[in-house]
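The values are calculated or read from the model by the stated rules, or taken from the named source; none is laboratory data. Since the structure is predicted, the reported quantities are computational estimates derived from the model, not experimental observations. Cβ: placed from backbone, ideal geometry, glycine included. Neighbour counts: every protein chain shown.
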């Protein structure tokens, strides 16, 4: 690798995380838009995660819900849409075309082919019929502004038709045309999730027409997305980048070259070092935050889910307690850039937390206790149960 390649150790990586992810005391965000810009994307698979992630990074967490709802449903400065790894995220509105072109075009083409194939196997109408129903759906949605699948089916009854899929397999089932088609149109960037029917914790979303976005070329779009993510999360290994984007390794390497990424090394978790990358202007050392910090982050928070290799901020011994069987992380307790435990909300609203290390310093214990009180205070009467339950979260929730 040569003597000129700089090594960025775990301590500096954790310092970068604290500052750039707006978790250190001196670096809070001033709006949901600022939080989303800093993190590139907020995980949206669990509706509550978006609001909890924003609240953890604002100076006044009580503003998280009204301000995030404003950004999502009134100003449309944030957009909930499908993105990397077939996952729903909340993105800054200005990034939607980049995400769509860099990631969703290929996924959408595959999803459309799969839907047509599944319908054909089930003896359902053909692609021309599906295109006709799609046009009717989009016209109805344009008239309504936003609507549920049931409301759209009332306008276009063919959306209610059912077809079987994966007959004879363990996961066989029955889909409605509306459920598969709306998901497909979301991946293709034609519709987005609108305001939920219930509160901010509800997963019963309406649908809305996607905001207009310019057509881009895939390679520049991939370079733009990767560059933004490296500025937020670098250094990152090639494996981290491939995992986060969901791209082929050739696409990752092409984007790294396009942004002029600089090679550094990071610890590999076994005492060795492996190549990693930062943006060309990000090679200077980053000092630790001026004050120590604690945070209680929700399940699927983008910081906890930011890298494939996590040993530099999460002890392998904690993994069985903090993840579900599908690899989804639950609510976590952080101290100075490391995951040290878990938290959960009990039925009476209390925020309970567990840190197994008996050597936790009094300063850290006091800071975590303050963060738990802060979270419990702004949640008030709201009860939040993560969509993906993990062992310690279940135990702490009682």
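Data table
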quantity: Subset tally (residues that are part of a helix (DSSP H, G or I) and either out of contact with any helix residue (DSSP H, G or I) (no Cβ under 6 Å at 6 or more places or on another chain) or within 17 Å of residue 306 (Cβ to Cβ) (or both)) for segment 256-271; calculated: 2
quantity: Test: residue in segment 106-118 that is buried (at least 20 other Cβ atoms within 10 Å of the Cβ) and free of Cβ contacts under 8 Å to residues at least 60 places away in the same chain; calculated: no
quantity: Hits in segment 30-49 (condition: surrounded by 20 or more Cβ atoms within 10 Å (Cβ to Cβ) and without any contact (Cβ under 8 Å) to a residue 40 or more places away in the chain); calculated: 35
quantity: Leading residue by the ranking (nearest to residue 192 (Cα to Cα)) among those in segment 72-88 that are in a helix (DSSP H, G or I) and under 18 Å from the mean Cα position of the chain (by Cα); calculated: 72
quantity: Boolean, residue 134 is more than 31 Å from the chain's Cα centre (by Cα) and surrounded by 15 or more Cβ atoms within 10 Å (Cβ to Cβ); calculated: no
quantity: Qualifying residue in segment 287-309 (condition: in a loop (DSSP other than H, G, I, E, B), closer than 26 Å to residue 50 by Cβ and over 21 Å from the mean Cα position of the chain (by Cα)); calculated: yes
quantity: Residues within segment 207-220 that are in contact (Cβ under 8 Å) with a residue 60 or more places away in the chain and either in a loop (DSSP other than H, G, I, E, B) or crowded, with 20+ Cβ neighbours inside 10 Å (or both), tallied; calculated: 9
quantity: Residue check, residue 172 over 23 Å from the mean Cα position of the chain (by Cα) and closer than 15 Å to residue 133 by Cα; calculated: no
quantity: Only one of 364, 352, 372, 344 that is outside any loop (DSSP other than H, G, I, E, B), under 26 Å from residue 267 (Cα atoms) and in contact (Cβ under 8 Å) with a residue 40 or more places away in the chain; calculated: 364
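Matching residues to (1) over 26 Å from residue 377 (Cα atoms); (2) touching a helix residue (DSSP H, G or I) at 6+ places or on another chain (Cβ under 9 Å); (3) part of a helix (DSSP H, G or I); (4) at pLDDT 95 or above:
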residue	(1), (2), (3), (4)
4	yes, no, no, no
13	yes, no, yes, yes
18	no, no, yes, yes
49	no, no, yes, yes
67	no, yes, yes, yes
70	no, yes, yes, yes
90	no, yes, no, yes
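Quick grid of which residues meet (1) more than 30 Å from residue 64 (Cα to Cα); (2) in a helix (DSSP H, G or I):
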| residue | (1), (2) |
| --- | --- |
| 123 | yes, no |
| 130 | yes, yes |
| 139 | yes, yes |
| 158 | yes, yes |
| 164 | yes, no |
| 169 | yes, no |
| 178 | yes, yes |
| 198 | no, no |
